[in-house]
1. Any residues in the stretch B:322-367 that have 10 Å² or more less accessible area with all protein chains than in their chain alone, probe 1.4 Å, and which are they?
2. Per-residue Cβ counts within 10 Å, from other chains only, averaged over B:53-61: what number is that?
3. What Kirkwood Rh does chain B have if only Cα atoms enter the pairwise 1/r average? Answer in Å.
4. Whose amide H sits under 5 Å from the amide H of B:S54, counting only residues 5 or more places off or on another chain, with H placed in the peptide plane?
5. Could you tell me what percent of the accessible area of the protein assembly as shown is made up of carbon and sulfur, with a 1.4 Å probe and every protein chain present?
6. Using just the helices of chain B, give the 222 nm mean residue ellipticity in deg cm²/dmol: DSSP H runs with n ≥ 4 each add -39,500 (n - 2.57), and the total is spread over all residues, rounded to 500.
7. Magnitude of the Cβ-charge dipole of the stretch B:127-251, K/R +1 and D/E -1, about the Cα centre, nearest 20 debye?
8. Quote the FRET efficiency, to the nearest 0.05, computed for B:N132 versus A:K28 with a Förster distance R0 of 45 Å and r equal to the Cβ-Cβ distance.
Amino acid sequence: MKVSAIFESGVLTEERPGAVSPPEALWKSHKGGLVIVECPQRIPCNPCNTSCPTGAITEFADINDVPAINYDKCTGCALCVARCPGLACFVADLTFGEGMALMKLPYEMLPLPTKGKTVKCLGRTGEVVCEGKVENVAEPLRDRTRVVHVSVPIDKVSDVRAIKVV
Amino acid sequence: MRELKTDVLVVGGGPAGLSAAASAAGAGANVLIVEGDLHLGGQLVKQSHKFFGSKEEYAGTRGFEIAKILREEIANCEDRVEIMLNTTVSGYYREERVVTAMVGEEEYLRIVPKKIVIASGAQERLIPFPNNDIPGVYGAGAVQTLMNVYGVVPGKRVLMIGAGNIGLIVSYQLMQAGVEVAAILEAMPRIGGYWVHAAKVRRLGVPILLRHSIKRAIGETVVTGAEIYELDDKFNQVGETEVVECDTICLAVGLTPTNELLWQAGCRMKYIPFLCGHVPLRDKCMRTSNEDIWMAGDVSGIEEASAAMIEGRIAGLGAAKALGFNIQDEMFGEYWVRLKNLRAGEVGEKIRAGVLNATVDGWEENA
């Protein structure tokens with residue numbers, strides 16, 4: 001498949017408006033992590049902005065705008081991860097230590113992961129990228145969307161977007 | 001024969017109908033909601049995903065939770081709203097302005113409303129292919145009803161036909177229920193639904209095959225697989241036919257408005273492909289060419305439930321205003337802005353064109 005066809009089937013192939021990585025220098029030093037949003041299509045939706053407690057996801061002039069992020073304000077709290085209806089927000093904390101990053105990923109499947117267990121970490125087409133250790137399972141909004149905290153090798157952060165409990 | 005009288009009859013208790021009932025009753029009108037199913041909420045009760053939109057459209061809230069919110073709002077209208085479940089409207093008699101309805105299979109009755117809001121929703125389209133009459137071939141709506149209303153999975157391995165929002169969302173829900181999705185086929189060169197919905201299923205390992213369609217269902221007594229093929233720009237086959245093993249084929253190839261009642265009522269109709277079928281012409285307040293009839297939701301053109309709820313509010317207000325209840329014109333304006341915002345994105349492009357094509361400046365008889 002051509003690259004554009006891959007994108008048209010729902011797989012991000014390169015950065016584009018609404019799907020950009022945080023600035024590297026800030027990201028490497030920022031405790032708690034920074035948000036990665038992958039929402040490159042103009043659709044009428046703004047809960048990432050309205051759920052953001054610090055205003056890091058900036059207000060939408062038009063509700064169809066793709067999200068814009070002021071990374072100086074992002075605390076990596078992952079409320080947007082829990083709230084986003086498109087499951088398009090992820091947080092990665094590169095300061096976790098020893099070559100590992102802590103990723104905060106949305107999860108709405110069964111079975112639920114348990115703290116301390118090893119899970120498979122999946123890329124954007126469901127391929128197994130690596131294994132990860134479940135550090136925490138949160139349910140910030142108590143609405144059955146879990147935010148799973150999983151530690152992965154730091155060089156896998158740009159690929160890991162889901163987990164599979166095995 | 002029993003005869004019921006009401007200010008506003010709302011046909012259909014889905015998101016559009018409930019919103020219409022709430023706004024008409026909120027304005028002071030007595031409302032009768034007639035719903036064919038055993039419960040209110042329409043398709044919302046099957047929607048386990050979180051909605052898009054803004055706070056006003058309950059963004060971030062799951063569909064079945066939105067149904068609860070609307071039902072509570074209706075319950076708070078106290079005695080102004082009457083609800084008849086398991087009741088199907090069967091006809092509209094123009095001369096007498098009488099609606100007939102069937103309660104269950106026992107009682108046939110007459111309803112004499114002053115105004116009517118038709119929010120009858122949509123029905124699924126199906127595509128023909130050989131062997132599509134064996135068990136295991138489903139519409140996506142039936143799959144959702146089985147899983148999310150009755151707690152029954154349709155099979156173990158599903159082939160989904162169609163990558164619009166319904167095909168994408170139902171695929172995701174199937175996986176949540178522990179069912180494997182073999183692939184999602186889409187005849188067009190791009191997904192029709194929201195990109196983020198596609199990304200959700202892709203990252204769980206489901207292939208979305210663009211420019212692909214189903215050739216035939218395989219199976220003697222039940223589905224055991226499907227033959228699929230790739231399409232060129234003119235929708236002709238390229239390459240070899242492939243076989244996908246599956247026990248369920250789920251069709252999510254679009255909806256078309258359930259418009260029979262509007263035809264019967266003599267409303268001026270127009271075929272608008274962008275709205276997915278014949279739809280009534282309407283003014284900005286969702287009034288049809290029949291001065292007693294308004295419409296809202298999918299019957300006015302296939303769109304998201306978020307838009308259906310706003311249209312319902314508008315139609316309910318319109319009907320109440322025509323009855324003489326005190327409605328501030330600014331209230332309409334607020335809803336028009338919200339609709340416009342919802343439709344402003346790239347997915348809303350066809351809706352915008354369709355609605356523009358179906359909207360009249362005003363009806364002459366009202367001038």
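The values are calculated or read from the model by the stated rules, or taken from the named source; none is laboratory data. Since the model is a prediction, treat every value here as computed from it, not as a measurement. All Cβ positions, even for glycine, are placed from backbone atoms using ideal geometry, and neighbour counts span all protein chains on display. Accessible surface areas use protein heavy atoms only, side chains included; no ligands, DNA or RNA. Shrake-Rupley method; radii C 1.70, N 1.55, O 1.52, S 1.80 Å.
1. The answer is B:N341, B:L342, B:A344, B:G345, B:E346, B:V347.
2. 5
3. 21.4 Å is the Kirkwood radius here.
4. Correct list: B:A59.
5. Within the protein assembly as shown, the accessible surface is 51 percent carbon and sulfur.
6. -8000 deg cm²/dmol
7. 480
8. 0.20
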